[in-house]
Amino acid sequence: MQFLFPYFLVALATLAIPVIIHLFYFRRYKKVFFTNVRFLREIKEESSIRSRLKNLITLLCRLLAVACLVLAFAQPFLKEDDEVKKGKKVVSIFIDNSFSMASLSEDAPLLDEAKRKAEEIVAAYEASDRFQIISHDMSARQQRLISKEQALAQIDDVELTPEVNRLSRVFERQKLLLDEESDVHKVLYYLSDFQQNITDLTLADTTYEYNLLPMQAVIEQNVSIDSAWFDAPVQMMNKPNKLLVRLRNWSPEAAENIQLSVRKDGAVKPVGSIDVPGNREIIDTVYISVLRPGIQRVELKITDFPIQFDDTYFLSFEVKQQIQTLIVNQSEPNRYLDAALSSESFFVNLNRNVSGLDYAALNQYQLILLNELTSISSGLAAALKTYMVGGGNVVVFPSERSDLSSYNQFLTSLDAGRLMQWDTTPRTVNYVNSQEFVFNDVFESSRGNLRLPSSQSNFIIDVGTSGAEKLLGYRDGKSFLTKKRHAAGHLYLSAAPIGRSYSNLVDQAEVFVPMLYKMALSTGRPRQIAYTIGDDNMVEVENKSTDAEVIYKVGGTTTFIPGQQSRGKYIVLNMHDQVRQAGFYDVYLDKDEILHTLAFNSNRLESDPTCYPVDEIERRYSGANILRKSQLADLGSYIAEKDRGIILWKYCLILALIFLALETLVIRFWSV
């Protein structure tokens, strides 16, 4: 037997007090005055042996009562093993507050049960112990140690959240805080339904005590919208944009008659009824028509019960209303090029002479055309490379008098091939790469009816091993137009100048105009159409302001100012876990003008309702304490015995009261 507070045993010295009182009290004699000897007969005769026995039993009861009382204060306990812990403790309690914890356990949601058990855990520890209450929110207030009263208040504040983290990440946050403490016992509790998708704990760190409290509910069927994406990187107006939707059945039974619908511009359009086999996923196709430019919001929805948080999928994208185009000229603008671009209202065209070009302003254009420059200076080459890194697109139409040395220096720095000798052989284009984005879905007519450009003379493009793609090709196999990706942007290289004396490309409107339009839209950095709450805190959007001190705001179910970092023509917004609910969030400078719309969805990690049974948890985590229902019923006693063995102070207190009662009975009812 050991004692939690052994110094109280000093009080056993007080056992001498009742002994001393006893000795002196029973040595006193009582005087009886009488006048006649006949009164001596009235004195009750008393047996000396019985009197002495009564006194000894009274003394023994008093001694035992005092001893038991002292032992109760010393708090004795019996060790069951060598793991009994004394001293201060830091206790970290994880409460799983993901959507799956809304499932019912008997008559109450799992989250309510987990919160009650967390309160019992806190109550079982001493007032001097400190606590961390952590959930999937992982907020800043959960990253500090608090008192017993504060822990109980914080447990009460835990609510369901769309955020979800794997248990390994939860442990990392617990370890980050608890490792700051020394000379304390570190105790971890996990109150969760232990879904298979998030249960990835490893018990490698033996300095912690692990306690797992499985919250079990009835496993339910679930079908979710797992994800959605467009077939093409850019969405077009007045065309059916192909959207692929992945549906997943997380249950072994087939799900039949799942209704899929699309909500856009305030109207709901049913797509159809879908059957999803058990434990399988299918990809369905939805066509999204865009009738007006600007920001587009789309909401996909299915009918599925009882788990519904993953039945809705939000996505947003933008269709450009205008394309800012810059033409860089060596001398005079090309009137045919101007006329071709001006014929379409979505092109906003600006001509600049190469000698007066403002390199710092290049980021505001979606497309830059180099119109027959005689050379490409090192300053221009560096500015164009930076522009492409930011997602810009450059089209190069060389001049017959081009300085091939400067051109090739620029091209080789981008690994885009080389321009070789000038060739005066007339050539006709007969190859269109319709699989590439620029010409994909552009032509409705057949190849035989399509008028393709031709050239009177041109440079020979040596692609070599650069990996540049051929977009348009001559009959003899040589390239008329190539494309090379550089970082997030693209370089398009024409073999012939744009002038009509060299090529009739500007006259082929059904090729030239769609080509420039899709060149401007193409990007190696496509913007996400949907984000995941908790995972996608860093969001990159196009910077639509030239002011260096600009402050973007985000408004949806809540309004906040995100962290902001400028990266060329883009700006990175740090959401700092401030998005708490699925839906649409607008990015703006002025609330009257929405610049971007971001679509956030709940994490699909929670979509799989399969949880580990208790037996499997015990098998996987044999080094942890797995609490079953019998232990959960009296959690306070279990924790006390786990930390201090078999606790005896209650029994000592009961015995003290019994001995005091016996003393009273002996004194009152034992007559001698």
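Bear in mind that the values in this text are calculations on the coordinates, not laboratory data. A quick note: this is a predicted structure, and the numbers were derived from the prediction, not measured. Using ideal geometry, Cβ is built from the backbone for each residue, glycine included, and neighbour counts are taken over all protein chains shown.
Annotations for the structure displayed:
- Projected label points at Arg144 and Leu160, each 7 Å from Cα along the beta carbon direction, are separated by 3.0 nanometres.
- Protection proxy ranking for 491-501, 373-383, using the average of other Cβ atoms within 10 Å per residue and placing the highest first: 491-501, 373-383.
- Alpha carbon convex hull of the stretch 531-601, volume per residue in cubic angstrom: 76
- Label-reachable residues, the stretch 368-397, where backbone N falls under 13 Å from a point 7 Å from Asp462's Cα toward its Cβ: none
- Note on Rg/Rh (Cα atoms, Kirkwood Rh): of the candidates (i) 1.01; (ii) 1.20; (iii) 1.28, the value calculated from this structure sits at (iii).
- Separation of the Phe73 and Leu176 label points, Cα + 7 Å toward Cβ, nm: 4.6
- With neighbours defined as other Cβ atoms within 10 Å of a residue's Cβ, the residues Val389, Val554 order from fewest to most as Val389, Val554.
- Shape of the stretch 323-521, Cα gyration tensor, a/c cut at 1.5: rounded
- Computed from backbone phi, the HN-Hα couplings of the stretch 270-284 come to x, 8, x, 9, 10, 10, 10, x, x, 6, 10, 10, 10, 10, 9 Hz, rounded to whole numbers (Karplus: 6.51 cos²θ - 1.76 cosθ + 1.60, θ = phi - 60°; Gly and Pro given as x).
- Rounded to the nearest 10 degrees, the inclination of helix 649-669 to the longest alpha-carbon principal axis of the chain is 20 degrees.
- Alpha-carbon centroid distance for the pair the stretch 292-360 / the stretch 199-249, whole angstrom: 32
- Considering helices alone, the calculated mean residue ellipticity of the chain at 222 nm is -7500 deg cm²/dmol, with DSSP H runs of length four and up weighted by -39500 (n - 2.57) and normalised per residue.
- Modelled label positions at Thr428 and Phe305, each set 7 Å beyond Cα in the direction of Cβ, lie 6.7 nm from each other.
- Taking the fewest neighbouring Cβ atoms within 10 Å as the starting point, the ordered list for Met575, Met236 is Met236, Met575.
- Axis of helix 404-413 versus longest Cα principal axis of the chain: the two differ by about 20°, to the nearest ten degrees.
- Reachable aspartates and glutamates from Lys483, criterion Cα separation under 20 angstrom, eight or more residues apart if same chain: Glu372, Asp415, Glu436, Asp441, Asp462, Glu469, Glu510
- Hz values of 3J(HN,Hα) by residue in the stretch 231-236 - Karplus curve (6.51, -1.76, 1.60), Gly and Pro given as x: 5, 9, x, 10, 9, 10
- Given R0 = 51 Å, the distance between the Cβ atoms of Asp415 and Leu203 translates into a calculated FRET efficiency of 0.55.
- Of the beta bridges in the chain, as assigned by DSSP with both residues counted there, near 65 percent are antiparallel.
- Taking Lys and Arg as +1 and Asp and Glu as -1, the other residues whose beta-carbon sits under 12 Å from that of Gly467 total +2.
- Legend: residue pairs Lys301/Lys385; Lys239/Lys544; Lys115/Lys553; Lys264/Lys569, Cα-Cα distance threshold 31 Å; pairs beyond threshold, Lys301/Lys385; Lys115/Lys553.
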